[in-house]
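The values are calculated or read from the model by the stated rules, or taken from the named source; none is laboratory data. Quantities reported herein were computed from a predicted structural model and do not represent experimental measurements. Counting neighbours? That spans all protein chains shown, and the Cβs are built from the backbone with ideal geometry, glycine included.
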Amino acid sequence: MSYQDILYDVEDGILTITLNRPDRLNAFTITMKNEIVDALDRADNDDDVRAIIFTGAGRAFCAGMELGAEGNIFGYEIPQKEPYNVEEIRDSGGEVSLRIYDCKKPVIAAINGPAVGVGITMTLGMDFRLASEKAKLGFVFSQRGLCIEACSSWFLPRIVGVSQALEWAYSGEVFPAQEGKDGGLIRSLHAPEDLLPAARALAKKFTEKTAPISIALNRQLMYKMMGASHPMDAHNMDSRSIYYASETDGKEGVMSFLEKRAPEFKVKVSDGMPYFYPWWTPRKPE
């Protein structure tokens, strides 16, 4: 698939996905949504990609949904009568968030400028949000007569707590990146010229000495088990996962440690995930 609204660049095992509509402050479109989903599919199946960074071209990260199009403002034709068919009215930001949620690689947002509406909610499924000191953020939906989307009602309270999430959602105000950091949304603030180098340095911490299968298992376990009804559910999945890992790259990891040498991890994430992945639909070995 060729890309129109994003750029796809891999260097030193790190994929940078750049939202690339700078003349429109990288406003989100259905085309952009489709391209992001395709790019993440491509990255998950490329074992040369170890981590993913999202950023924006020009002076913005993403100014929210492109509102200039005719018809439904979110690009879908909504049925006139309830009950609505969820397959027909799925919000496009939520499709991106869910694809990020299922990603097997670490995902970092490098928020280089304004990130409002879907421009900020699409980052909630990412693992870390770094921001420029000049960035502005905003869950502006209430001031547009709308509500939060892109799975924000699931992600945001888990990241910052219910009270903080409600304050931002209720007010719909745009706030400085420092407030986002103080509220637990932003990991760290950086001078504009230092933002991408900082994001790449963080990505390298996850990729230079680690087993790809370990990263993928840890990411999926963390996210999928947040909704578990009891610690026993996590114990079951942890037990199966660490046994699987111990029979694959775990052997090499332990031997290299004992032999005081660099490990040679060989399991590929593209085809090496255990048979019980994804966690909520266990399958028996063929």
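Quick notes on this structure:
- Test: residue in the stretch 135-143 that is within 20 Å of Ile36 (Cα to Cα) and either modelled with pLDDT of 95 or more or polar (S, T, N, Q) (or both): no
- Residues of the stretch 244-271 satisfying the condition of being part of a helix (DSSP H, G or I) and basic (Lys, Arg): Lys251
- Residue match in the stretch 201-213 (condition: farther than 20 Å from Val107 by Cα and free of Cβ contacts under 8 Å to residues at least 12 places away in the same chain): no
- Scanning the stretch 159-180 for residues that are within 16 Å of Lys134 (Cβ to Cβ) and under 18 Å from the mean Cα position of the chain (by Cα) turns up just one, Gly180.
- For Ile159, the conditions (1) β-branched (Val, Ile, Thr); (2) more than 24 Å from Gly56 (Cα to Cα); (3) modelled with pLDDT of 95 or more; (4) assigned to a helix (DSSP H, G or I) all hold with the exception of (2).
- Residue within the stretch 196-204 that is modelled with pLDDT of 95 or more and more than 30 Å from Gly138 (Cβ to Cβ) present: yes
- Index of the failed condition, Ser171 passing every other in (1) of a type outside the set (Val, Ile, Thr); (2) over 30 Å from Leu146 (Cβ atoms); (3) modelled with pLDDT of 95 or more: (2)
- Tally of residues being within 21 Å of Gln178 (Cβ to Cβ) and surrounded by fewer than 18 Cβ atoms within 10 Å (Cβ to Cβ) across the stretch 202-217: 0
- Residue within the stretch 76-97 that is under 27 Å from Phe206 (Cα atoms), aliphatic (A, V, I, L, M) and either surrounded by 21 or more Cβ atoms within 10 Å (Cβ to Cβ) or at pLDDT below 95 (or both) present: yes
- Residue tally, condition in a helix (DSSP H, G or I) and under 16 Å from the mean Cα position of the chain (by Cα), over the stretch 181-222: 13
- Only residues that are within 18 Å of Gly56 (Cβ to Cβ) and without any contact (Cβ under 8 Å) to a residue 24 or more places away in the chain were counted across the stretch 162-195, and they come to 2.
- Within this structure, Gly161 passes the test of being on the phi > 0 side of the Ramachandran plot, assigned by TED's automatic domain parsing to the domain that holds Thr16 and surrounded by fewer than 21 Cβ atoms within 10 Å (Cβ to Cβ).
- Test: Ala234 is outside the structural domain of Leu40 (by TED's automatic domain parsing), part of a loop (DSSP other than H, G, I, E, B) and surrounded by 14 or more Cβ atoms within 10 Å (Cβ to Cβ): no
- Test for Gly183: is it at negative phi and surrounded by 13 or more Cβ atoms within 10 Å (Cβ to Cβ): yes
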